[in-house]
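The values are calculated or read from the model by the stated rules, or taken from the named source; none is laboratory data. Just so it is clear, the structure is predicted and the values come from calculations on it, not from any experiment. Here the Cβ positions follow ideal geometry from the backbone for every residue, glycine too, while neighbour counts run over all protein chains shown. For accessibility, only protein heavy atoms count, side chains too; no ligands or nucleic acids. Shrake-Rupley method; radii C 1.70, N 1.55, O 1.52, S 1.80 Å.
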Amino acid sequence: WCHVGQKRLSSAIASFGEKSSSSASAITINVEWKPYMIDPGTNINGEEFEAYNQRRWGSSGWTNHLKSEGRKDGANFANWNWWPNTMKAHCLVNFAHERYNVDTSMSNAAIFHALYEEGMNVSLIDTLVKVGTERLGLPEDELRQYLEAGEGERGVKNEIKTGRNMYDISGVPFFVIERADDDDDDDDLSSTLINIGFLDFSLPCLCLSLSLSLPLPLSLSTSPFFLKALYDGLRGFL
């Protein structure tokens, strides 16, 4: 559902942008994906798709609805062969973002495409280095050293723990909407933080945080419209 969810979220944001483009107030939407693992007990090297589903649920039949829904949004699941342990993939996303300012949405899209559409095992360092260098333009030697040393794993675990402690996250989807301060100009901007995960029976998945910078006072005609657009884009999960 994470693959489908990113497609639907992108559509919701695009729809919101089109409807709000005539507004006098500029609105900036920044999306930052955060890590979450539903099944950290997945084999560190990943597990074959059918074998994992047989072991955990008795069959992979539940994915038929997922694939049917996904095709409506461009998530075709053309070659889904692996059920990954996503720890190293989370580390790749953080490495790309923190060291080279690669947008987390871009990194996640590259990982999703490799996993679901090309049949690649994104649990493996060799696979992630290939994705990172060929699709995100990252330096091969530095990325490989980072992943092999496990440098980012503590940070990933801490982010997951923080999310659970702050918001009592135990299953997804999960939404948190709260006020955040803007250090540059507290009088002019408001930020809304929305943390979103996907279904509890999905793959060990990625959560995201969505930050909106909106001029104050927050317009009742603007804010509810975005939430409706977001809902329309993700209603398949609700």
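Conditions (1) closer than 22 Å to Asn30 by Cβ; (2) open to solvent by 60 Å² or more (accessible area, probe 1.4 Å); (3) modelled with pLDDT of 95 or more; (4) not in a helix (DSSP H, G or I), marked per residue:
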| position | (1), (2), (3), (4) |
| --- | --- |
| Asn45 | no, yes, yes, yes |
| Asn53 | no, no, yes, no |
| His65 | no, yes, no, no |
| Gly74 | no, no, no, yes |
| Ala78 | no, yes, yes, yes |
| Asn108 | yes, no, no, no |
| Met120 | no, no, yes, yes |
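Regarding Ala89, is this residue open to solvent by 50 Å² or more (accessible area, probe 1.4 Å), under 20 Å from Gly5 (Cα atoms) and touching a helix residue (DSSP H, G or I) at 6+ places or on another chain (Cβ under 8 Å)?
It is false that Ala89 is open to solvent by 50 Å² or more (accessible area, probe 1.4 Å), under 20 Å from Gly5 (Cα atoms) and touching a helix residue (DSSP H, G or I) at 6+ places or on another chain (Cβ under 8 Å).
Within 16 Å of the chain's Cα centre (by Cα), aliphatic (A, V, I, L, M), buried (at least 20 other Cβ atoms within 10 Å of the Cβ) and at negative phi: does that describe Val131?
Answer is no for this residue.
Here are the criteria: (1) in contact (Cβ under 8 Å) with a residue 24 or more places away in the chain; (2) outside any loop (DSSP other than H, G, I, E, B); (3) under 24 Å from Lys157 (Cα atoms); (4) out of contact with any Ser or Thr (no Cβ under 7 Å at 6 or more places or on another chain). Tell me which single one Val129 does not satisfy.
Checking Val129 against (1) in contact (Cβ under 8 Å) with a residue 24 or more places away in the chain; (2) outside any loop (DSSP other than H, G, I, E, B); (3) under 24 Å from Lys157 (Cα atoms); (4) out of contact with any Ser or Thr (no Cβ under 7 Å at 6 or more places or on another chain), the one that fails is (1).
Quick one: what pairs do we get from region 56-69, first residue farther than 11 Å from Trp1 by Cβ, second loosely packed, with under 13 Cβ neighbours inside 10 Å, C-beta under 8 Å, 6+ apart or different chains?
Ser60/Glu50; Ser60/Gln54
Is there any pair with a first residue in region 145-166 that is touching a residue at least 12 places away in the same chain (Cβ under 8 Å) and a second that is of a type in the set (D, E, K, R) and open to solvent by less than 70 Å² (accessible area, probe 1.4 Å) whose Cβ atoms are under 7 Å apart and which are 6 or more apart or on different chains, and what are they?
These pairs meet every condition: Leu147/Lys88; Glu159/Lys34; Gly163/Lys34.
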